[in-house]
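Enquirer: If you scroll down you'll find the structure; I have some questions about it.
The values are calculated or read from the model by the stated rules, or taken from the named source; none is laboratory data. It should be emphasised that the depicted structure is a prediction, and the values quoted were computed from it without experimental measurement. Cβ atoms come from the backbone with ideal geometry, glycine included; neighbour counts cover every protein chain shown. Ligands, DNA and RNA are excluded from the accessible area calculation, which covers all protein heavy atoms including side chains. Shrake-Rupley method; radii C 1.70, N 1.55, O 1.52, S 1.80 Å.
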Amino acid sequence: VASRISLAAIIADAAAHAPALHRAHLSEAHCTLVETLGFDRRYVRGEGQYLWDDQGRRVLDCLSGFGALAIGRAHPVVVDALRQCLDLAPPAWVRMELNPLAGAAARALVHAAKAGDMRVFFTNSGTEAVEAALKFARRHTGRPGFLAWDRAFHGLTLGALSINGNPDLCEGFGPALADARCVAFGDLDAVRRELARGDVAAMVVEPIQGKTLQQLEPARMRDLAELCRRHGTLLVADEVQTGGGRTGTFLALEADGVQPDIVTLSKCISGGFVPVGAALVSPTVWRSTYSGMGEAFVHSSTLHEGPLAMTAVLATLHVIEQDGLVERSRRLGAMLHESLRRECGAIECCVGVRGRGLMAGVAIDPARVPSASRVPVVGPLLSPMIGQCVAQDLLDRHGVLAQVTGSRSPVVKFLPPMTLDEADVQVIATATAAALRRLQRGAFFPATAQALARWALGARG
Ligand SMILES: Cc1ncc(COP(=O)(O)O)c(C=O)c1O
């Protein structure tokens, strides 16, 4: 009989050797990146919106696992539900049965999303939800094509990558799906021209772009939906990042008054513990794929509708509703945007506060950072590091973990758990202003140049 494993002992041992383990068995490149940028702290505890490292330093986590920790870390209701699931050990993945937990989770998700009679296909990630959406759209329309915005991000599997508007992520992985194309963000005339070709199964959009935090005005989003309807093209709302309440409504498109044909979700509904995703699909589109019992498994996945995943969905939706997290995101999100504007608006390199609710960012124009543009040769080299400098400073000096998207047009992005409080909001705004002022004074570049030199001399990844 196998003996018990001690997870605490495994974690303690592996934490002591994490760089070596990663270099030997995982990604050297990731290791080098984290070390070069100075993000190689050892975190020993996470609770709510905070992390603690082995030096006892508390960090406000505004990266939140790229959005997966939307209800905070180790939420007691989710922990309790998952423990109940393990204790009950309901028979999982029988497959030739009607999984009650999946039924309950689907009902709860449709209710939370106010999605009427939409059907749910559960997945294990965001990109799989997008793949499902692409397949459902092709099958329903009988058309091969897809349309997306440039700078869009929909995941990294091949179908999702084909509608990715960031060429650096696609390089060397082609050919992409032959009939997938991107048009300039917000260019409805270009969309009209593409749809008029009559070969586009679906237009896939993020209500707020994760890479740029750009969004269409609600009226233009409604125009886009109408254009799609007129041309028989399905509208797919990729709410993998925006969904679950963080923008102030459960689905971001709810606020725009648009009803998409398919909605993809993931991150938030995981409760921060179990990978899960979902495609919500209108009944007519659904029936084109699942047209009879012979087709019941025509699109499926062995490990979807897992008991822990379904439990995580149920517990997370329960927390979002009972703790009023959608309303909280709306209120604190408005406060965050206002505070960022107030604190950062007058700093020269700041060219705007973007996003909605608790998906917020500060856009920086590298050309307005004098020390970067003036230094000959090194200036242009450092320029793509500018956003990263701000993120580094936010962590080192202010204990705020944030993300930078885009290197040439950086946006310092905050995706905090929806459970953060008013004091946290103020910390984010004042810390960002302080970091931007230091950037404006050129205070970062010696440290950044050192980090780059270290990397250039010692890089292996
Ligand atoms: C809008 C959007 N779609 C899809 C994905 C892909 O999700 P995953 O990383 O779970 O595959 C992401 C991930 O960041 C996303 O932001």
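Enquirer: Does ILE347 fit the bill of being away from the ligand (no atom under 16 Å from the Cβ) and over 23 Å from GLY67 (Cα atoms)?
Expert: Against the criterion (away from the ligand (no atom under 16 Å from the Cβ) and over 23 Å from GLY67 (Cα atoms)), ILE347 qualifies.
Enquirer: Which of the residues spanning segment 53-98 are open to solvent by less than 30 Å² (accessible area, probe 1.4 Å), closer than 12 Å to PRO417 by Cβ and of a type in the set (A, V, I, L, M)? Walk me through it before giving the result.
Expert: Pass one, segment 53-98, residues open to solvent by less than 30 Å² (accessible area, probe 1.4 Å): 53, 59-62, 64, 67-72, 75, 78, 81-82, 85.
Applying the additional criterion that residues be closer than 12 Å to PRO417 by Cβ yields 60-62, 64, 67-72, 75.
LEU60, ALA68, LEU69, ALA70, ILE71 - these are the residues of segment 53-98 that are open to solvent by less than 30 Å² (accessible area, probe 1.4 Å), closer than 12 Å to PRO417 by Cβ and of a type in the set (A, V, I, L, M).
Enquirer: Quick check on my filter: what residues within segment 110-136 are among the small types (Gly, Ala, Ser), within 11 Å of the ligand (Cβ to nearest atom) and surrounded by 24 or more Cβ atoms within 10 Å (Cβ to Cβ)? Spell out the reasoning first.
Expert: So in segment 110-136, the residues among the small types (Gly, Ala, Ser) come out as 112-113, 115-116, 125-126, 129, 132-133.
From what's left, within 11 Å of the ligand (Cβ to nearest atom): 125-126, 129, 133.
Hits for segment 110-136 are GLY126, ALA129, ALA133.
Enquirer: A further question on this structure: Out of curiosity, is ASP168 open to solvent by 60 Å² or more (accessible area, probe 1.4 Å), within 16 Å of the ligand (Cβ to nearest atom) and in a helix (DSSP H, G or I)?
Expert: yes
Here's the yes/no breakdown for (1) of a type in the set (Phe, Trp, Tyr); (2) more than 20 Å from the chain's Cα centre (by Cα):
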| site | (1), (2) |
| --- | --- |
| CYS62 | no, no |
| CYS85 | no, yes |
| PRO90 | no, yes |
| ALA106 | no, yes |
| ALA112 | no, no |
| MET118 | no, yes |
| ALA132 | no, no |
| PHE136 | yes, yes |
| GLY142 | no, yes |
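Enquirer: Got a number for residues in segment 137-165 being away from the ligand (no atom under 12 Å from the Cβ), open to solvent by 10 Å² or more (accessible area, probe 1.4 Å) and not in a helix (DSSP H, G or I)?
Expert: Residues meeting the conditions: 4.
Enquirer: Restricting the search to segment 142-188, which residues are within 18 Å of GLN214 (Cα to Cα) and among the acidic types (Asp, Glu)?
Expert: ASP150, ASP187
Enquirer: Can I ask one more? Filtering segment 246-274 down to residues that are outside any helix (DSSP H, G or I) and within 11 Å of the ligand (Cβ to nearest atom), which residue is surrounded by the fewest Cβ atoms within 10 Å (Cβ to Cβ)?
Expert: The initial filter retains those residues of segment 246-274 that are outside any helix (DSSP H, G or I), namely 246-251, 257-266, 271-274.
Keeping just the survivors that are within 11 Å of the ligand (Cβ to nearest atom) gives 264-266.
Details: THR264: 33, LEU265: 31, SER266: 28.
Going through the qualifying residues, I end up with SER266.
Enquirer: Restricting attention to segment 327-385, which residues are β-branched (Val, Ile, Thr) and either at pLDDT 90 or above or surrounded by fewer than 22 Cβ atoms within 10 Å (Cβ to Cβ) (or both)?
Expert: First, the residues of segment 327-385 that are β-branched (Val, Ile, Thr): 347, 351, 353, 362, 364, 369, 375, 377-378.
Once the filter is applied, which keeps residues that are β-branched (Val, Ile, Thr) and either at pLDDT 90 or above or surrounded by fewer than 22 Cβ atoms within 10 Å (Cβ to Cβ) (or both), segment 327-385 yields ILE347, VAL351, VAL353, VAL362, ILE364, VAL375, VAL377, VAL378.
Enquirer: While we're on this one: Scanning for something within 16 Å of the ligand (Cβ to nearest atom) and open to solvent by less than 40 Å² (accessible area, probe 1.4 Å), does segment 225-236 turn up at least one residue?
Expert: Within segment 225-236, one or more residues are within 16 Å of the ligand (Cβ to nearest atom) and open to solvent by less than 40 Å² (accessible area, probe 1.4 Å).
Enquirer: Here is a list of conditions, (1) under 19 Å from GLY306 (Cβ atoms); (2) within 16 Å of the ligand (Cβ to nearest atom), and ALA70 meets all of them except one; can you say which number that is?
Expert: Answer for ALA70: the failing condition is (1).
Enquirer: Report, by residue number, each residue of segment 275-315 that is touching a Cys at 6+ places or on another chain (Cβ under 7 Å) and either within 16 Å of the ligand (Cβ to nearest atom) or hydrophobic (A, V, I, L, M, F, W, C) (or both).
Expert: LEU308
Enquirer: Scan segment 283-298 and give yes if some residue there is open to solvent by less than 40 Å² (accessible area, probe 1.4 Å), closer than 28 Å to THR432 by Cα, at pLDDT 95 or above and among the aliphatic types (A, V, I, L, M), otherwise no.
Expert: No, because not a single residue in segment 283-298 is open to solvent by less than 40 Å² (accessible area, probe 1.4 Å), closer than 28 Å to THR432 by Cα, at pLDDT 95 or above and among the aliphatic types (A, V, I, L, M).
Enquirer: Further, regarding this structure: Counting just the residues of segment 187-211 that are open to solvent by 10 Å² or more (accessible area, probe 1.4 Å) and touching a helix residue (DSSP H, G or I) at 6+ places or on another chain (Cβ under 8 Å), which one comes out farthest from the ligand (Cβ to nearest atom)?
Expert: In this case the residue turns out to be ARG192.
Enquirer: Let me ask something else about it. Pull up segment 407-436, narrow it to residues that are modelled with pLDDT under 95 and open to solvent by 50 Å² or more (accessible area, probe 1.4 Å), then point me to the one that is nearest to GLY355 (Cα to Cα).
Expert: Here the answer is SER409.
Let's see how each residue does on (1) in contact with an Asp or Glu (Cβ under 6 Å, 6 or more places away or on another chain); (2) more than 22 Å from ILE269 (Cβ to Cβ):
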{"position": "ARG197", "(1), (2)": "no, yes"}
{"position": "GLN214", "(1), (2)": "no, yes"}
{"position": "MET221", "(1), (2)": "yes, yes"}
{"position": "ALA225", "(1), (2)": "no, yes"}
{"position": "ARG230", "(1), (2)": "no, yes"}
{"position": "VAL236", "(1), (2)": "no, no"}
{"position": "GLN241", "(1), (2)": "no, no"}
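Enquirer: Could you list all residues from segment 306-326 that are open to solvent by less than 40 Å² (accessible area, probe 1.4 Å) and within 22 Å of LEU98 (Cβ to Cβ)?
Expert: Residues satisfying the conditions are GLY306, PRO307, ALA309, MET310, THR311, ALA312, VAL313, ALA315, LEU317.
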